[in-house]
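Reading through the structure tokens given below for one structure.
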Amino acid sequence: MIEARAAIPGLVLASTSPRRLELLGRLGLTPARIAAPDVDETPRRDEEPRAYATRIALAKAQAVERHDGEVVLAGDTTIAAGRRILGKPADDADLAAMLRLLSGRRHHCLSAICVIDAEGRIRSRLSDTVVAFRPLTHAEIDAYVACGEGQGKAGGYAIQGRAEAFVRFLHGSHSGVVGLPLTETRALLKAAGLPLA
């Protein structure tokens, strides 16, 4: 594992997600500043999941005040079951409904990232990971809902936790499903001029 360095001057993480901060650390990066973007994440009528994830990542990056010389990194993770966008569950009943929908099926985890560099140039990438859940029993769904892990997570699950046992296969970026696709993030930050080896 790569050791985290001192804070990178000018790097702003537009997210309060501990998962994104931890993943950024795997690249050996620590942001100089963390900001909480205030963005309406309501999907637009007939908005496709890929367009939605990309739009929200951009909105989060733009919602953060950027000072001279700063580079802003923002991300959004969206679960798509067909054309249906599964955001964060509203309550336990919504979480259970999401898990029933994903049970025994493939879905897409779309992890969009957006970087605004020191000159204000915008760069973005989208990681599309196919995840398939094995069939889940009612008891498994009830137990997962009760543990609380799925609340606050896109699609109602955290692949880095108990829900990893639900996964039959994953094709794409595991870190993208967690919340920050590392390959794409590294490429964008390097293009933005950050000192990456």
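Given the Cα-Cα distance of Glu47 and Arg26 and 0.36 nm per residue of separation, how much length would full extension add, in nm?
Numbers: separation 21, 0.36 × 21 = 7.56 nm, distance 3.29 nm.
Computed gain between Glu47 and Arg26 is 4.3 nm.
Neighbours of Ser173 by Cβ distance under 13 Å: Lys/Arg scored +1, Asp/Glu scored -1, total +1. Neighbour counts of other Cβ atoms within 10 Å put Cys147, Cys114, Cys109 in the fewest-to-most order Cys147, Cys114, Cys109. Per-residue ellipticity at 222 nm computed for the chain from its helices equals -9000 deg cm²/dmol, with DSSP H segments shorter than 4 residues left out and the rest contributing -39,500 (n - 2.57). For the range 125-157, backbone nitrogen atoms closer than 19 Å to the point 7 Å from Arg100 Cα along Cα-to-C-beta are found at 133-148, 150-151, 155-157. Relative to the dominant Cα principal axis of the chain, helix 92-102 is inclined by about 90°. Between the Cα long axis of helix 138-147 and the first principal axis of the chain there is an angle of about 40°, rounded to the nearest 10.
Counting Lys and Arg as +1 and Asp and Glu as -1, what is the net charge of the other residues whose Cβ lies under 14 Å from the Cβ of Gly120? Walk me through the numbers on the way to the answer.
Numbers: positive: Arg66, Arg121, Arg123; negative: Glu65, Asp68, Glu70, Asp117, Glu119.
Result for the neighbourhood of Gly120: -2.
In this calculation the C-beta distance from Val167 to Ala118 is compared with R0 = 41 Å, giving a FRET efficiency of 0.60.
Our summary gives the range 8-191 a relative contact order of 22 percent, counting only alpha carbon pairs under 8 angstrom and 6 or more residues apart. In a reduced charge model with +1 at each Lys and Arg Cβ and -1 at each Asp and Glu Cβ, the chain shows a dipole moment near 580 debye about its Cα centre. Relative contact order for the range 1-99: 27 percent, from Cα pairs under 8 Å spaced at least 6 residues apart, divided by residue count. Shape summary of the chain, radius of gyration then Dmax from alpha carbon positions: 16.8, 53 Å. Simple point charges give the picture: +1 on the Cβ of Lys and Arg, -1 on the Cβ of Asp and Glu, and for the range 45-86 a dipole about the Cα centre of about 280 debye.
Computed over the Cα atoms of the range 118-184, what is the ratio Rg over Rh, Rh following Kirkwood?
Working: Rg = 14.9 Å, Rh = 13.6 Å.
Rg/Rh for the range 118-184 comes to 1.10.
Under a Cβ-Cβ cut-off of 11 Å, what is the net charge of the residues other than Gly156 that fall near it, where Lys and Arg count +1 and Asp and Glu count -1? Result for the neighbourhood of Gly156: -1.
Would you please classify the overall shape of the range 91-135 from the alpha carbon gyration tensor, given that a ≥ b ≥ c denote the square roots of the eigenvalues, rounded means a/c under 1.5, and beyond that prolate means a/b larger than b/c while oblate covers the rest? Kindly include the intermediate steps, with their values, before the conclusion.
Numbers: a/c = 7.48, a/b = 2.38, b/c = 3.14.
Oblate, because a/c is 1.5 or more while a/b does not exceed b/c.
Values in this text are rule-based calculations from the coordinates and carry no lab data. Just so we're clear, the structure is a prediction, and the values are computed from it rather than from any experiment. Don't worry about glycine lacking a Cβ; one is built from the backbone with ideal geometry, like all the others, and counts go over all protein chains shown.
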